[in-house]
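A short write-up of the structure that comes next.
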Amino acid sequence: QVRLVESGGGLVQPGGSLRLSCAGSGFIFGKNTMAWHRQAPGKQRELVAAISSGFMTNYADAVRGRFTISRDNAKSTVFLQMTDLQPEDTAVYLCHVYLGTGPQWGQGTQVTVSS
């Protein structure tokens, strides 16, 4: 059974930082591209960042230079370090992996940026 469990969300002031974690199980973590998406109220889900099995990364323009995605294959965990957070970053952040059986999603973790 595939599981993706996110943690690390919360309330932060503008300019603050958070580090999200996503622990994966039930699949060969190190052989798959892992990604973070986010969904804000009333908006479509969007890709935030992704990291391949070869550690190549890509980022949405809105977060490039502020967010960093990384992975620890020994711990089957992918991270999203978020800095200089802004109110427009407020969203539910979801961990994602695309397997042969189709896309798999975590339950999400809420990030709220507000003063």
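In segment 1-93, counting only strands (runs of 3 or more DSSP E) that sit wholly within it, the ones holding 1 or more residues that are within 17 Å of residue 103 (Cα to Cα) and open to solvent by 20 Å² or more (accessible area, probe 1.4 Å) span 3-7, 18-25, 34-39, 46-51. Out of the residues in segment 2-48 meeting the condition of being out of contact with any Leu (no Cβ under 8 Å at 6 or more places or on another chain) and at positive phi, tell me which one is modelled with the lowest pLDDT. This residue is 42. The residue pairs whose first member lies in segment 15-38 and is in contact (Cβ under 8 Å) with a residue 40 or more places away in the chain, whose second member is surrounded by fewer than 20 Cβ atoms within 10 Å (Cβ to Cβ) and acidic (Asp, Glu), and whose beta carbons are closer than 9 Å, counting only pairs six or more residues apart or on different chains, are 15/84; 16/84; 17/84; 37/46; 38/46.
Residues that are touching a Ser or Thr at 6+ places or on another chain (Cβ under 9 Å) and among the acidic types (Asp, Glu) do not occur anywhere in segment 40-54. What do you reckon, is residue 108 of a type outside the set (D, E, K, R) and over 20 Å from residue 10 (Cβ atoms)? Considered against the rule, which asks whether it is of a type outside the set (D, E, K, R) and over 20 Å from residue 10 (Cβ atoms), residue 108 comes out as no.
Residue count for segment 41-100 satisfying the condition of being within 13 Å of residue 30 (Cα to Cα), of a type in the set (D, E, K, R) and in contact (Cβ under 8 Å) with a residue 12 or more places away in the chain: 2.
The values are calculated or read from the model by the stated rules, or taken from the named source; none is laboratory data. On a predicted model such as this, the values are computed, not experimentally measured, just so you know. Ideal geometry is used to build each Cβ from the backbone, glycine not excepted, and the neighbour counts take in all protein chains shown. Just so you know, the surface numbers come from the protein's heavy atoms only, side chains and all, with ligands and any DNA or RNA stripped out. Shrake-Rupley method; radii C 1.70, N 1.55, O 1.52, S 1.80 Å.
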